[in-house]
Amino acid sequence: MDLAQQLTGSLLAVAFLTSFGSSMLYGYNLAVVNSPAAYIKSFYNKTVVSRNGTGLSGETLTLMYSLTVSVFAIGGLLGSLIVGMLVSRFGRKGTVVNTTVLVFMAGSLMGFSRICGSPEMVIIGRFITGIHSGISLSVVPMYLGEIAPKNLRGFLGLVPSIFIGTGVFTAQILGLHELLGKEEYWPLFLSVVVVPTFIQLLLLPWFPESPRYLLIEKNNVHATITALKWYRAKCDIQAEIEEMQEEQRSLSSVETLSVWSLVLDDSVRWQVLSVVVINIGMQLSGIDAIWFYTNDIFKNAGIPVPEIQYTTAGTGIIEIIAGLIGCFTIEKVGRRHLMIGGFTMMGICSAGITLALILQLLFMRYVSVCCVVGIIAGFCIGPAGVPFLITAELFKQSHRPAAYIIGGSLNWLSNFTVGFVFPFLQMSAGSYCYLVFATVCFSVAIYVYIVIPETKNKTFMEISRMFSKKESILETQGLFHVDQLKLKKMNGYGGLEHTSLEFDSSSSVP
């Protein structure tokens, strides 16, 4: 069956609702502080003057605004640390639904901040939206990855990245001076996040929970069969249930692992290291610096100030197009190629921005715009969504929540670092600051090429065996001296006695 035949209405509806109400909010919150930056700084300064009689210095105001931008990432870090507990207790869908209350709290705080004369309400609101995004960025790809058949897992896994781009584009359009870009509208502009969340809250509860969660963690066969019939175009679901039961048997004596247990488990060392590298690389690639400070980048490149908001909004179209390209090609070209190509493109364009800012020639302002577009396009094609998808694919049910905690926490720590440090890095290193991002991008692309195998159209058990095979090959080559008995121990990982499955050359590391 082709993609159109396998995509049921329920699969598409869940992918839309979870991404629209969660991933889109993440993209919106990344870009929403860009347009009203001057108004927010003015509000902060006026409030301090009314309280203390004196205004803020330039450095203090920059520090306070940087905190407003980066506190979103601190909230995201907290959200990513509690996601494992939430998905085990409430389920995947249940976590998405129950955490919508955070968005309504944050929207209220930011929306009434100017009336109350409280910069603290803006900062706390940003912090709470960060918590929601930290949870959503882990649980949404986990949910979609578990409800999708193996040959559509990549397609559905990248749907959230399309909505992240859509969220950024929405913030750029609404931030135009003709819409909500006026000074009197910035609190409303920040609180628009409640609208998609309200729609999600109305509709998502009617859809079933993840079948894998229902069977493997709750051992509810009847609910699993009901959920699979919702999510599959044909009623023959026996093979899929048997694959889940095989995984359940391999984990019968294993509890859901803690983060510390996962880190200490030698049998998944390469999976954990890969999650660490791609999640840190995703944020240190410089994409958040581009999203947070697009207007400043274009201003430094010499773009006339009246044209900057329209140039910035135009880049949003590229995000959506690039996300669609990645979504519709991932099952053909694979995960590896999208990540390698995306990071390489971002590295080249980051170096190009440095060159454009150094030369400051008339035509270089257009080169700078093209490089910004190239970074955004390269990111949205692969690195925007594939790391979250890969995190789900590299681990079994018992390991997956802890893996998402590790990947999510590192992702948000890196996000905070870039958002907070970039203005100061730009002041100290000038045009050369983008070379740091270029180095990171090229390094991650090389790592993916060498280490991470292709996982498209593979079951979770098959992917587990691929890494078992890799580990055993490295042992025979003398690269790692791991006790043979450790490899044969459990959890289904590293079990050499299970490696009877043969893989072709396309499934192995080059």
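The values are calculated or read from the model by the stated rules, or taken from the named source; none is laboratory data. All figures in this text were calculated on a predicted structure; none of them were measured in a lab. For neighbour counting, all protein chains shown are included, and Cβ atoms are generated from backbone atoms with ideal geometry for every residue, glycine included. Please note that ligands, DNA and RNA were not included when accessible areas were found on the heavy atoms of the full protein model with its side chains. Shrake-Rupley method; radii C 1.70, N 1.55, O 1.52, S 1.80 Å.
Below are the figures for this structure:
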| item | result |
| --- | --- |
| Point-to-point label distance, Phe198-Glu120, nm (Cα→Cβ direction, 7 Å offset) | 2.9 |
| Heavy-atom surface of segment 259-481, accessible at 1.4 Å and reported per residue (Å²) | 35 |
| Simple Cβ-charge dipole of segment 79-183, Lys/Arg +1 and Asp/Glu -1, about Cα centre, in debye nearest 20 | 360 |
| Accessible solvent surface per residue of segment 1-207, calculated while the other protein chains remain in place, 1.4 angstrom probe, Å² | 35 |
| Accessible area in the full protein assembly, largest first, 1.4 Å probe, for His399, His337 | His337, His399 |
| Label point at Glu59 placed 7 Å out along Cα→Cβ; residues across segment 395-428 whose backbone nitrogen lies under 20 Å | 420-428 |
| Cross-link table Lys93/Lys332; Lys396/Lys458; Lys229/Lys332; Lys218/Lys458, entries beyond 22 Å C-alpha to C-alpha | Lys93/Lys332; Lys229/Lys332; Lys218/Lys458 |
| Computed FRET value (nearest 0.05) for Ile358 with Ile446, which takes r as the C-beta separation and R₀ as 22 Å | 0.30 |
| Two-site label geometry, Glu307 and Val101: point separation in nm, points 7 Å out along Cα→Cβ | 5.0 |
| Principal axis box of segment 259-481, alpha-carbon based, largest edge first, Å | 58, 37, 31 |
| Candidates per chymotrypsin sites (Phe, Trp or Tyr not before Pro) in segment 335-409, loop by DSSP, up to 14 other Cβ within 10 Å | Phe363 |
| Cα-derived Rg over Rh, computed across segment 1-207 with Rh taken as Kirkwood radius | 1.04 |
| Full-extension gain in nm, Asn219 to Val276, via 0.36 nm per residue minus C-alpha separation | 17.4 nm |
| Relative contact order [Cα under 8 Å, 6+ residues apart], segment 259-481, whole percent | 35 |
| Percent accessible area from carbon and sulfur atoms, segment 259-481, protein chains only, probe 1.4 Å | 73 |
| Computed accessible area, Phe169, all protein chains, 1.4 angstrom probe, square angstrom | 50 |
